Amino acid sequence: EMFPGAAELCDGSDNNCDNKTDSGMNVFWTGNGDGFSWSDELNWSQMMVPLPCQHVFIQTQDTVIVDGYESVKSITIGSPARCEVLQEALLRVDTQNESNHSCLNVNGSLSNYGRVDVENSTADGIIISGTLTNYGRIYINGVQANSVLSMMGSSLENQGLIKLKD
């Protein structure tokens, strides 16, 4: 349904009537807005902040700052990209049990000072090929393969909490 206030769906339509149309399942960081804020819709390929039903790809040399509550289906942080979750922020990554899709792929760098929730993956929860530094909290729930898979040459520094839930 389409009406003001409706939930935006990944269907290429303007469900909530705000004159912005999502670009389907995949959204890419462009950095064409302020160049650092996740919440600046001009930084994204679809000119709106990613939706909970979308796969996010950050492939630039930028540092992307998550400073609020954000929810997506999956994230791939390419090398040399960086992503930082600030102290009061929450980044929720829920693949919604989409077949053979990992939640969080860190090829570049992820620094967490807040909270990251990784949920409902039929594959791996977090795959680290780059660097993950955790000073905050990471909760991993409903992952059917490896909760955290650290590849050869990667780095995981945990000075916070990483908690696996059933």
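The values are calculated or read from the model by the stated rules, or taken from the named source; none is laboratory data. These numbers come from a predicted model, not from an experiment. As a convention, Cβ positions derive from the backbone with ideal geometry for all residues, glycine included, and neighbour counts pool all protein chains shown. Surface accessibility is based on the protein's heavy atoms, side chains included, excluding ligands, DNA and RNA. Shrake-Rupley method; radii C 1.70, N 1.55, O 1.52, S 1.80 Å.
The string of couplings for the stretch 36-47 from the Karplus curve (6.51, -1.76, 1.60, θ = phi - 60°) is 8, 8, 3, 6, 7, 4, 6, 7, 10, 4, 9, 6 Hz, one whole number per residue in order, with x for Gly and Pro. Pick out which of Gly153, Gly142, Gly114 has the largest mean-square fluctuation in a Gaussian network model of the chain, springs linking Cα atoms closer than 10 Å. So, out of Gly153, Gly142, Gly114, the one fluctuating most is Gly153.
Each residue of the stretch 142-156 was assigned a 3J(HN,Hα) from its phi angle through the Karplus expression (A = 6.51, B = -1.76, C = 1.60, θ = phi - 60°), giving x, 9, 8, 10, 6, 5, 10, 10, 9, 7, 3, x, 8, 9, 10 Hz with x at Gly and Pro. Local charge for Gly33 was computed over the other residues whose Cβ lies under 9 Å away, with Lys and Arg +1 and Asp and Glu -1, and equals -3. Just checking my list [x] 140; [y] 104; [z] 220 against volume of the Cα convex hull per residue in Å³ computed from this structure; which label fits? It is the value labelled [y].
Seen from Thr122, the other residues with C-beta closer than 15 Å to its C-beta sum to a net charge of -3, counting Lys and Arg as +1 and Asp and Glu as -1. Annotation: amide H of Ser39 within the under-5 Å range of Asp67, sequence separation 5 or more or interchain, hydrogens built in the peptide plane. Between Gln144 and Asn19, the distance separating the two model label sites (each 7 Å from Cα on the Cα→Cβ line) works out to 4.4 nm. Among Ser155, Ser111, the order of accessible area from largest down is Ser155, Ser111, computed with a 1.4 Å probe on protein heavy atoms.
Test of understanding: what is the full-extension gain from Phe36 to Leu164, defined as 0.36 nm times their sequence separation minus their Cα-Cα distance? If you can, show how the numbers build up before the last one.
Details: separation 128, 0.36 × 128 = 46.08 nm, distance 3.02 nm.
Gain on extension, Phe36 to Leu164, equals 43.1 nm.
Amide hydrogen proximity for Asn120: with H placed 1.01 Å from N in the peptide plane, the residues at 5 or more positions away or on another chain lying under 5 Å are Asn141, Gly142, Val143. Under a 5 Å amide H cut-off, with hydrogens placed 1.01 Å from N, Ile138 pairs with Val116, Leu161, Ile162, Lys163 among residues at least 5 apart or on other chains. Per atom type, the stretch 97-163 shows carbon and sulfur on 42% of its accessible surface, probed at 1.4 Å.
Per residue, how much accessible area does the stretch 1-110 have with a 1.4 Å probe, in Å²? Walk me through the intermediate numbers first.
Working: 4960 Å² over 110 residues.
Ligands and nucleic acids excluded, the result is 45 Å² per residue.
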